[in-house]
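*Asks:* Sharing a structure here in structure tokens format.
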């Protein structure tokens with residue numbers, strides 16, 4: 001581990017010490033007030049994440065009929081591809097035209113369905129970890145400040161492990 005990496009890890013550990021030490025070295029009234037400020041902030045973040053997820057799920061539910069049409073469209077395109085095989089060998093141009101139409105139908109159906117599903121997954125993928133993070137901070141028995149200190153300490157351990165193993 002290089003000296004710069006050691007200093008970087010040490011900075012995370014100092015930050016963790018300060019955040020976790022607040023629980024021991026500041027008066028109870030100050031700690032309660034500081035924890036309430038941080039807790040209210042992260043509860044606001046939670047509410048925003050919850051509303052974003054609810055909006056994404058609502059949009060997905062609203063798109064379900066269109067997704068069903070897209071799936072039907074893909075099935076129709078596959079059916080066209082299968083019927084193309086049953087045509088005689090002499091109908092090369094007809095087979096080619098059916099192939100182009102079938103591929104267009106399949107690609108357009110898949111693109112809309114994937115767009116709707118990926119939009120929901122993107123929202124859940126971003127909001128999910130942050131929701132877990134804020135829930136950990138808000139529900140910590142020692143308060144959000146000590147929980148933030150714990151997270152800083154965990155990050156410093158991860159960085160130390162990463163720097164040592166590379």
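All of the numbers you see were taken from the coordinates with simple rules; none came from a lab. Computed from a predicted model, the values in this text were never measured in an experiment. Positions of Cβ are backbone-derived with ideal geometry, glycine not excepted, and every protein chain shown enters the neighbour counts.
*Asks:* Using Cα centres only, tell me the gap between region 16-48 and region 61-101 in whole Å.
*Replies:* Distance between centres, Cα-based: 60 Å.
*Asks:* Now for a different question. In the set [x] 39, 19, 14; [y] 35, 20, 13; [z] 56, 23, 8, which value of semi-axes √(5λ) of the Cα gyration tensor in Å was calculated from the structure you see?
*Replies:* Read-out taken from this structure: [z].
*Asks:* In degrees, nearest 10, range 0 to 90: what is the angle between the Cα axis of helix 92-138 and the longest Cα principal axis of the chain?
*Replies:* 10
*Asks:* Right, another one. Evaluate E = 1/(1 + (r/R0)^6) for residue 121 and residue 32, where r is the Cβ-Cβ distance and R0 equals 30 Å; express this FRET efficiency to the nearest 0.05.
*Replies:* Working: r = 40 Å, r/R0 = 1.33.
Result of the calculation: an efficiency of 0.15.
*Asks:* Still on this model: Between residue 155 and residue 66, what's the calculated FRET efficiency when r is the beta-carbon distance and R0 is 41 Å? Round to 0.05.
*Replies:* It comes out at approximately 0.45.
*Asks:* Just rank 70, 116, 51, 108, fewest to most, by other beta-carbon atoms within 10 angstrom. It would help to have the intermediate numbers written out before the result.
*Replies:* Details: 70 22, 116 18, 51 11, 108 14.
Ordered by Cβ neighbours within 10 Å, fewest first: 51, 108, 116, 70.
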